[in-house]
């Protein structure tokens, strides 16, 4: 996935995370980058880039609940 497409996908995920949790985007950004899911999304071999933004946000929420 091209970098600019990945950046756009990450931005959409962060905005959706902020909306879902009803938090500001700065807090959502911090939460996003603190997760394993963010690291997996950056790795094309994981295949997570092919999943929907909503699916990825659900993964992030599950990961945050398990902390």
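The values are calculated or read from the model by the stated rules, or taken from the named source; none is laboratory data. Worth saying up front: this structure is predicted, and the values here are computed from it rather than measured. Reconstructed Cβ throughout: ideal geometry from the backbone, glycine too, with neighbour counts over all protein chains shown.
Here residue 48 meets the list (1) more than 12 Å from residue 10 (Cα to Cα); (2) free of Cβ contacts under 8 Å to residues at least 12 places away in the same chain almost entirely, failing just condition (1).
Just checking, which of 6, 31 is surrounded by 14 or more Cβ atoms within 10 Å (Cβ to Cβ) and at pLDDT below 95? Full working, then the answer.
Details: 31 fails: at pLDDT below 95.
Exactly one residue qualifies, and that residue is 6.
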